[in-house]
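Below is one structure. I have some questions about it.
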Number of protein chains: 2
Amino acid sequence: MDYEEIVEQLRPLFEGRRWKEVREKVEDFPAQDIAELILRLDKSQRIFLFKLLPRPRAAEVFSYLSAENQDGLLQDMTDHETRELVAGLTPDDRTALFQELPAEATQRLLELLPPGAQREARALLGYPAESVGRLMTPDYIAVRPDWTVSRSLQHIRSQREKAETINVIYVTDHDGKLLDALTIRRFIVADPDTQVGDLMDTHVTKISAFEDREKAVELVQRYDLTGLPVVDTEGVLIGTVTPDDIMDVAEAEATEDFQKVGGVGVLNFSLRDARISLLYKRRVGWLVLLVFINMFGGAIIASYEATIEAVVVLVTFLPLVVDTGGNAGTQSATLMVRALATGDVKTRDWLSLWGKEALVSVALGVTVAAAVWLLGLYRGGIEIAWVVALAMMAVVFVGSMIGMLLPFGLTRLRLDPATASAPLITSIADIAGILIYFVIATSLLGHML
Amino acid sequence: MDYEEIVEQLRPLFEGRRWKEVREKVEDFPAQDIAELILRLDKSQRIFLFKLLPRPRAAEVFSYLSAENQDGLLQDMTDHETRELVAGLTPDDRTALFQELPAEATQRLLELLPPGAQREARALLGYPAESVGRLMTPDYIAVRPDWTVSRSLQHIRSQREKAETINVIYVTDHDGKLLDALTIRRFIVADPDTQVGDLMDTHVTKISAFEDREKAVELVQRYDLTGLPVVDTEGVLIGTVTPDDIMDVAEAEATEDFQKVGGVGVLNFSLRDARISLLYKRRVGWLVLLVFINMFGGAIIASYEATIEAVVVLVTFLPLVVDTGGNAGTQSATLMVRALATGDVKTRDWLSLWGKEALVSVALGVTVAAAVWLLGLYRGGIEIAWVVALAMMAVVFVGSMIGMLLPFGLTRLRLDPATASAPLITSIADIAGILIYFVIATSLLGHML
């Protein structure tokens with residue numbers, strides 16, 4: 001869909017206040033596309049288009065907007081309009097809205113809700129940030145093991161308005177405890193007189209509402225689930241997580257890891273919409289911290305000033321040597337951070353990975369050393385050639401070790417391995433590289449100093 | 001599930017050749033868990049456990065193994081066993097297996113298949129690598145618009161063995177052209193006498209088999225689809241992509257981007273299983289290339305040897321200045337690469353993002369400059385302080401610009417923006433940083449040289 005073109009077509013209709021035509025033009029579009037169109041309109045036109053939408057549609061479109069844009073629309077709405085809109089959201093979309101808004105705005109919106117929805121929303125907001133509880137919807141369909149398939153299908157039909165999804169039907173006992181999760185397919189293909197209990201198998205994958213949402217992503221991906229049941233500490237079914245939310249979380253988590261590895265704080269925001277002050281705040285911390293780390297490198301160089309004065313050509317190879325160590329470290333760290341995030345590698349695998357990494361980095365070090373040996377010979381003679389080549393081997397090895405072990409160490413300390421960002425690894429590897437370089441240089445060139 | 005514990009329990013059963021007990025122990029586990037267990041067994045035990053599984057189960061378990069492990073199992077099987085196993089795979093899992101195996105092995109397996117499955121497999125392998133065609137399954141269910149809901153449900157029941165999923169039912173005309181995609185929910189809640197045509201709406205999201213699989217991920221995520229129909233150039237329905245495959249692709253694509261940004265070639269392989277030679281190959285190219293790029297930095301330093309000899313303290317600040325530029329560049333590049341990958345930012349947004357980036361980087365540069373001015377004053381006096389502070393401002397700005405514009409430029413040239421890896425950005429920013437530093441130093445300190 002070419003959004004720009006449609007916006008161009010809408011412009012004269014807006015200017016001529018031809019509301020009916022605006023509505024006819026957009027009402028058949030998927031909600032996601034209407035949301036995109038709204039973003040491309042002038043701020044003043046947004047609310048008009050939004051108010052032209054039929055009510056359930058408006059709620060759906062609203063759920064696809066970012067928190068900032070949602071807030072913008074709400075500010076142009078009356079309390080009555082707000083109440084209708086927020087009541088029309090599904091419980092998980094409502095939680096998503098509330099948790100992004102400033103506390104006062106959330107409070108105001110909560111008070112506009114009918115008592116039942118208000119209680120539900122407060123309960124969902126009671127779960128920790130980034131937990132499964134914040135992600136789930138209590139609108140699932142559950143049947144009993146002693147029901148027949150035909151009675152279950154009747155129940156499913158009667159609950160269809162309430163349920164967000166019917167792809168998975170849950171089986172609970174009279175205490176509400178989760179017994180099984182059955183795909184709708186099982187009900188459709190089964191004989192109508194079969195008892196639900198006979199369709200059940202012994203395994204059901206479930207998750208606690210207090211678990212980290214990343215765990216939910218892992219389970220859905222591993223077992224190819226179309227719905228993940230959420231239970232409380234007693235095993236009572238309290239909600240379900242739908243695959244579309246899982247995909248959004250998986251994307252958000254990958255983005256977070258990306259940003260952390262790049263040495264940026266987590267943006268939690270569209271880069272397109274992010275304000276300059278936010279971008280500054282997310283970047284300045286690491287940048288300044290790294291400056292202080294890099295000062296150690298400067299201090300080491302200062303202590304070797306005599307060496308530099310005696311053999312100035314050494315400085316020529318300094319950036320080469322330290323950068324290569326940082327690059328090798330960034331490579332290992334990236335591989336490790338991602339493998340830990342996808343579950344490809346577990347912390348207990350560290351020893352075998354360490355052995356592999358050691359061998360790989362020695363091979364890489366030898367290759368790189370061979371490449372610079374010739375350059376060293378040409379620029380500074382045979383002794384410089386050996387200093388540079390040996391230093392290269394050492395920094396590639398040490399850099400790789402830092403890059404590999406730091407993410408593991410962080411995981412061990414229950415910190416996020418992605419904190420081992422490329423800039424951090426580079427800076428640490430640089431300090432090590434500077435030290436290694438001058439130690440090797442002073443030992444091999446002792447007679448020249 | 002604690003795999004290690006179960007493996008421990010299985011060990012004595014294997015040693016005592018108590019096959020029946022082994023089978024009873026594992027047969028109720030989900031296929032994904034059996035696949036994990038197989039990986040943790042000794043190579044010699046793997047094939048035994050695998051052959052103990054009932055046939056459809058074995059095919060399912062097999063589909064969750066990596067290509068290398070699949071190949072390992074196949075080598076221990078007779079032609080007859082292989083034929084049964086491969087025929088039992090779903091068409092999309094079969095394509096996944098064939099495309100990873102060496103060409104001869106694929107050829108041999110294809111010849112073992114019955115003619116119909118062989119033709120189907122060859123057709124799917126005919127689509128380009130990483131295309132939607134390689135991902136889709138032709139096992140979908142389609143109904144006609146003039147059928148009633150009850151006739152459709154009957155058809156769905158009769159096709160259930162064949163279809164991989166029934167969450168989405170497709171509507172096609174008598175030429176096989178795709179008219180609509182309806183969720184199974186619509187059929188369940190509708191009156192049995194309703195015509196399918198009356199359930200249809202005007203919008204259907206579809207994709208060509210030749211499209212890049214990333215496009216399929218984008219569509220499924222955007223429209224929260226439970227199935228994506230695949231059509232040929234005539235609009236004829238030829239397959240469907242299921243959400244579990246989409247999630248796997250999304251994860252694989254994020255991993256690829258991660259590895260590229262880390263300056264590693266795409267591994268396309270589990271880090272845990274990857275051989276040392278593969279890891280070496282994937283890393284050595286970039287590492288050596290970056291050495292050559294870094295040599296320019298060395299050459300610039302060499303041309304300023306006289307300056308360094310006159311003011312040795314300048315070298316102390318060299319790593320600090322160049323690293324900070326690289327860090328700022330890595331930050332911008334990471335933000336851009338990920339935003340381009342998730343579709344948050346489009347190439348046409350570059351100008352507004354450039355303006356924002358310029359302002360952010362000036363603010364960052366001033367902050368960082370203030371921090372090092374004092375250090376410069378303490379270590380080298382007022383003139384050095386100004387050289388270092390000005391150089392810092394300039395390198396943060398230039399580094400950020402390189403980090404931001406390179407991914408955009410690569411996209412413009414239809415190259416992958418993730419090629420702008422952290423090590424590449426760091427190395428380019430370093431060369432710029434060295435030049436900036438010495439140009440500023442020689443202009444400000446001219447009287448000292």
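The values are calculated or read from the model by the stated rules, or taken from the named source; none is laboratory data. Everything quoted here is computed from the prediction, not taken from an experiment. Cβ: placed from backbone, ideal geometry, glycine included. Neighbour counts: every protein chain shown. Only protein heavy atoms, including side chains, enter the accessible area calculation; ligands, DNA and RNA are left aside. Shrake-Rupley method; radii C 1.70, N 1.55, O 1.52, S 1.80 Å.
Using only protein heavy atoms and a 1.4 angstrom probe, determine the accessible area buried between A and B, summed over both sides, in Å² to the nearest 100. Intermediate results must be reported in sequence, preceding the final value.
Numbers: alone 23940 and 23920 Å², together 37420 Å².
By this definition, chains A and B bury close to 10400 Å².
Across segment B:331-342, in residue order, what do the Karplus-derived ³J(HN,Hα) couplings come to in whole Hz, using 6.51 cos²θ - 1.76 cosθ + 1.60 with θ = phi - 60° and x for Gly and Pro?
4, 4, 4, 4, 4, 5, 4, 5, 5, 5, 5, 7
What are the radius of gyration and Dmax of chain A, computed over its Cα atoms and given in Å?
29.8, 95
Note down the relative contact order for chain B as a percent, whole number, built from C-alpha pairs under 8 angstrom at least six residues apart.
Details: 592 pairs, mean separation 48.9, N = 449.
After rounding, I find 11 percent.
At 1.4 Å probe size, with every protein chain present, just tell me what the per residue accessible area of segment A:3-127 comes to in Å².
Details: 6220 Å² over 125 residues.
Value returned for segment A:3-127: 50 Å² of accessible area per residue.
Turning to a different aspect of this structure: Give me the Debye-computed log₁₀ of I(q)/I(0) at q = 0.07 Å⁻¹ for the protein assembly as shown, equal point scatterers on Cα only, no solvent, two decimals.
Cα-only, vacuum Debye calculation for the protein assembly as shown: -0.66.
So, one more: Is segment B:276-448 rounded, prolate or oblate when judged by the Cα gyration tensor, a ≥ b ≥ c being the square roots of its eigenvalues, rounded requiring a/c under 1.5 and prolate requiring a/b larger than b/c? Don't jump to the answer; show the numbers that get you there.
Numbers: a/c = 2.58, a/b = 1.49, b/c = 1.73.
The shape class here is oblate.
Another one. Tell me which lysines have Cα within less than 23 Å of residue B:281's Cα, excluding those fewer than 8 residues away on the same chain?
Partners found: A:356, B:260.
Where the accessible area of chain A is counted over protein heavy atoms with a 1.4 Å probe, how much of it, in %, is carbon and sulfur?
On the way: 10280 of 18720 Å².
That share works out to 55 percent.
Would you mind getting me the FRET efficiency between residue A:158 and residue A:4? Use the beta-carbon distance for r and R0 = 45 Å, nearest 0.05.
Once the sixth-power term is evaluated, E becomes 0.50.
How much accessible area per residue does segment A:276-448 have, in Å², with a 1.4 Å probe?
Values: 6150 Å² over 173 residues.
Per residue, segment A:276-448 has 36 Å² of solvent-accessible surface.
In degrees, nearest 10, range 0 to 90: what is the angle between the Cα axis of helix A:115-125 and the longest Cα principal axis of chain A?
Approximately 20 degrees, to the nearest 10.
Copy-to-copy spacing for residue A:144, label 7 Å out on the Cα-to-C-beta vector, in nm, shortest first?
4.4
Cα gyration tensor of segment B:19-86, axes a ≥ b ≥ c as square roots of the eigenvalues: rounded (a/c below 1.5), prolate (a/b > b/c) or oblate?
The shape class here is rounded.
Hand me the trypsin sites (Lys or Arg not before Pro) from segment A:274-383 located in a DSSP loop with no more than 13 other Cβ atoms within 10 Å, in residue order please.
Working: sites: A:275, A:281, A:282, A:283, A:338, A:346, A:348, A:356, A:379; in loops: A:275, A:346.
Answer in residue order: A:275, A:346.
Output, in nm with one decimal and in ascending order, the distances from the residue A:27 label point to the matching label points of the other copies (7 Å from Cα along Cα-to-Cβ).
Computed spacing set for this position: 5.8 nm.
Which of the residue pairs B:20/B:51; B:20/B:162; A:20/B:206 have a Cα-Cα distance greater than 20 Å in the structure shown? Please list the in-between numbers first.
On the way: B:20/B:51 12 Å; B:20/B:162 31 Å; A:20/B:206 29 Å.
Too far apart for the 20 Å limit: B:20/B:162; A:20/B:206.
Give the nm distances, rounded to one decimal, from residue B:43 to the matching residue in every other copy, measuring between label points 7 Å along Cα toward the beta carbon; shortest first.
Label point to label point, same position, other copies: 6.7 nm.
Per-residue mean of other chain beta-carbon atoms within 10 angstrom of the beta-carbon, peptide B:360-369? Intermediate values should be presented prior to the final figure.
Values: counts 11, 3, 1, 7, 6, 1, 0, 6, 5, 1.
Average neighbour count from other chains, rounded to a whole number: 4.
How do A:255-267, A:24-36 rank on mean C-beta neighbours within 10 Å, highest first?
Details: A:255-267: 22.7, A:24-36: 17.2.
So the order, starting with the most tightly packed, is A:255-267, A:24-36.
Spin-label point model (7 Å from Cα, Cβ direction): what's the residue A:99 to residue A:75 distance in nm?
2.5 nm
For segment A:281-366, what is the Kirkwood hydrodynamic radius in Å, using each pair of distinct C-alpha atoms? Could the numbers behind the result be given before it?
Numbers: mean 1/r = 0.0621 Å⁻¹.
That comes to 16.1 Å for segment A:281-366.
Let me understand segment A:395-449 better: what is its radius of gyration from the alpha carbons, and its Dmax, in angstrom?
14.7, 49
What average count of beta carbons from other chains do you get within 10 Å of the Cβ of residues in B:281-293? Can you show the working numbers first?
On the way: counts 2, 3, 12, 6, 0, 4, 10, 7, 1, 7, 12, 4, 2.
Counting other chains' Cβ atoms within 10 Å and averaging over B:281-293 gives 5.
Based on the mean of other beta carbon atoms within 10 Å per residue, what is the order of B:426-434, B:66-74, A:172-180, most packed first? Mind dumping the intermediate values first?
On the way: B:426-434: 27.6, B:66-74: 17.2, A:172-180: 15.4.
Put in order of decreasing packing, that is B:426-434, B:66-74, A:172-180.
OK, next. Roughly what angle does helix A:243-261 make with the longest principal axis of chain A, taking Cα atoms, 0 to 90 degrees, to the nearest 10?
20 degrees
Hey, another quick one. At a 10 angstrom cut-off on C-beta neighbours, averaged per residue, how do the peptides A:392-400, B:220-228 rank from highest to lowest?
Details: A:392-400: 26.8, B:220-228: 20.7.
Packing proxy ranking, top to bottom: A:392-400, B:220-228.
Taking 20 °C and 1.002 mPa s as the conditions, I'd like the Stokes-Einstein D for segment A:3-127 in µm²/s, using the Kirkwood hydrodynamic radius from alpha carbon pairs. Don't jump to the answer; show the numbers that get you there.
Numbers: Rh = 15.1 Å.
Stokes-Einstein gives a translational diffusion coefficient of 142 µm²/s.
Same structure, new question: From the phi of every residue in segment A:58-69, what ³J(HN,Hα) in whole Hz does the Karplus formula 6.51 cos²θ - 1.76 cosθ + 1.60 yield, where θ is phi - 60° and glycine or proline is x?
4, 4, 5, 4, 4, 5, 8, 8, 6, 3, 5, 6
Output the 0 to 90 degree angle, nearest 10, between the alpha-carbon long axis of helix A:149-159 and the longest principal axis computed from the alpha carbons of chain A.
Compared with the principal axis, the helix lies near 90 degrees.
Sticking with this structure for a sec: Per-residue Cβ counts within 10 Å, from other chains only, averaged over B:244-252: what number is that? Intermediate results must be reported in sequence, preceding the final value.
Numbers: counts 7, 1, 2, 8, 2, 0, 5, 8, 1.
Partner-chain Cβ atoms within 10 Å, mean over residues of B:244-252: 4.
With runs of 4+ DSSP H residues as the only contributors, calculate the mean residue ellipticity of chain B at 222 nm using -39,500 (n - 2.57) per run, divided by the residue total and rounded to the nearest 500. Write out the running numbers ahead of the final one.
Numbers: 21 runs with 299 residues, N = 449.
Value at 222 nm, helices only: -21500 deg cm²/dmol.
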